[in-house]
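Read through the structure below, which is laid out as structure tokens, and then see the notes.
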Amino acid sequence: MNQLIDNYGRKFEYLRLSITDECNFKCNYCLPDGYSSPHKKHFLTVNEIRNLLNAFSELGTKKVRITGGEPSLRKDFSEIISTIANIRTIEKVAMTTNGYSLSKNAQQWFDAGLDAINVSVDSLDAKTFYLITGKNIFQRVMQGVQACVDAGFKQVKINSVLMRGLNDRDIDLYLDWIKNQPIQLRFIELMQTEDNADFFNKHHISGEWIKEKLLASGWIRKTALNHDGPAQVFTHPTHIGEIGLIMPYSKDFCNSCNRLRVSSVGRLHLCLFGEEGIDLRDLLASSKDKERLKTRIINALTTKKESHFLHAGEMGGLPIWHL
Ligand code: SAM
Ligand code: SF4
């Protein structure tokens, strides 16, 4: 079996697959004006997703995260989950969601084969949540988080982008919350994109600042495990929950990169930011093209750069969910 290893010795067993760009939220750091597209995009079909994943699986992919846009807006979402879950080598199917329909669907997705779920909850205060996401549904999202635990998900993670003057005061609320909850809370450092420069300058908080705050209050850095990828994980003797810090601006961030990305229109992206991607779509309609697809993916990986060089002042282009 081929393996996906790049020129810097990094192994890629983890694929992040976007299945739609559409979103029903207006997070002020992501889609402040809501989703709109100048032309109708045709997102990957279930059949294309199956062919794509069969190729990746033969190249050693073991974990798939379904993302977007908001992936749960797809009407065939449960079918997409079960299609991926039924591929032999895929050990884990995860998703990232804004939680909009979680309370209604968590059980159905679990039954379809979803193993793990990340819910974005950018504030534990209902008003601030509304201010950031444009949706006044904080309670409903929290009920969704509980529905995941009830449905049997062993791994529920919460994503939060901490921002100065918006939700930075929530940090202590978050830490209190996970005292008795078996949840990994992931603080994602706000990333600058081509179109959020002013917002970024006003609200960006360095991940290092959060890290120092955690260390000063007794949080301990866990030894990194392979599947952590670039996250730095912290535990505390009096807390059941954990903290994961995603700090894309730290200079070693890319050393532990373990993921590739495919966009909702079938382009392979070797990095979250910037590059145009490599089109795979012409090889996705028929399972007969699997070997050519694998070769294209392997060849593309030889061009993966060592780093995104964000720490050296390079600005990210558009993250792939906006491409
Ligand atoms: N709609 C889903 C959600 O919000 O969870 C999935 C897609 S969203 C693009 C995936 C994650 O990216 C979310 O946790 C979101 O907070 C994060 N994100 C989006 N824009 C970001 C930015 N500029 N900087 C840091 N994280 C960002
Ligand atoms: Fe939508 Fe997720 Fe972006 Fe918020 S972060 S606007 S929920 S895609």
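Coordinate-derived values only; no laboratory data. Remember, predicted model here, so these are calculated numbers, not experimental data. Positions of Cβ are backbone-derived with ideal geometry, glycine not excepted, and every protein chain shown enters the neighbour counts.
In table form, for the structure just shown:
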{"quantity": "Options L214, C23, L73, ranked by Cα towards positive dipole end of the chain, top entry (Cβ charges)", "calculated": "L73"}
{"quantity": "Considering only the chain, percent of DSSP beta bridges that pair antiparallel, nearest 5", "calculated": "25"}
{"quantity": "Straight-distance crosslink candidates among aspartates and glutamates, where the alpha carbon sits under 19 Å from K63 and sequence neighbours closer than 8 are dropped", "calculated": "D6, E13, E48, E79, E91, D111, D115, D228"}
{"quantity": "Extension gain, I5 back to S256 (0.36 nm per residue minus Cα-Cα distance, nm)", "calculated": "89.1 nm"}
{"quantity": "Loop sites in segment 182-231: GluC sites (Glu not before Pro), DSSP, at most 15 other Cβ within 10 Å", "calculated": "E194"}
{"quantity": "Entries in K127/K305; K157/K288; K127/K202 that, when Cα-Cα distance is taken, lie over 30 Å", "calculated": "K127/K305; K157/K288"}
{"quantity": "Estimated distance in nm for a label pair at K179 and E194, the labels positioned 7 Å out from Cα along Cα-to-Cβ", "calculated": "4.6"}
{"quantity": "Long-range tail of P(r) for the chain (Cα pairs > 32 Å, %)", "calculated": "25"}
{"quantity": "Largest-first principal axis extents, alpha carbons of segment 229-284, Å", "calculated": "53, 25, 14"}
{"quantity": "Sites R221 and A285 - FRET efficiency at Förster radius 41 Å, r taken between beta-carbons, to 0.05", "calculated": "0.30"}
{"quantity": "Contact order normalised by residue count of segment 1-46, Cα under 8 Å, 6+ apart, percent", "calculated": "24"}
{"quantity": "Cα gyration tensor category, rounded, prolate or oblate, for segment 1-111 with a/c compared to 1.5", "calculated": "prolate"}
{"quantity": "With Cα atoms, 0 to 90° folded angle of helix 102-112 axis to the chain main axis", "calculated": "40"}
{"quantity": "Pairwise centroid distance, computed over Cα atoms, of segment 185-252 with segment 102-132, Å", "calculated": "20"}
{"quantity": "Percent RCO, i.e. relative contact order, over the chain, from Cα pairs under 8 Å lying at least 6 residues apart", "calculated": "19"}
{"quantity": "Relative contact order (percent, whole number), segment 191-258, Cα cutoff 8 Å, 6+ residue spacing", "calculated": "26"}
{"quantity": "Exposure proxy ranking, count of Cβ atoms within 10 Å, fewest first, for E91, E58, E70", "calculated": "E91, E58, E70"}
{"quantity": "Neighbour-count order for W209, W177, fewest beta carbons within 10 angstrom listed first", "calculated": "W209, W177"}
{"quantity": "In segment 1-82, chymotrypsin sites (Phe, Trp or Tyr not before Pro) in a DSSP loop with at most 15 other beta-carbon atoms within 10 Å", "calculated": "Y8"}
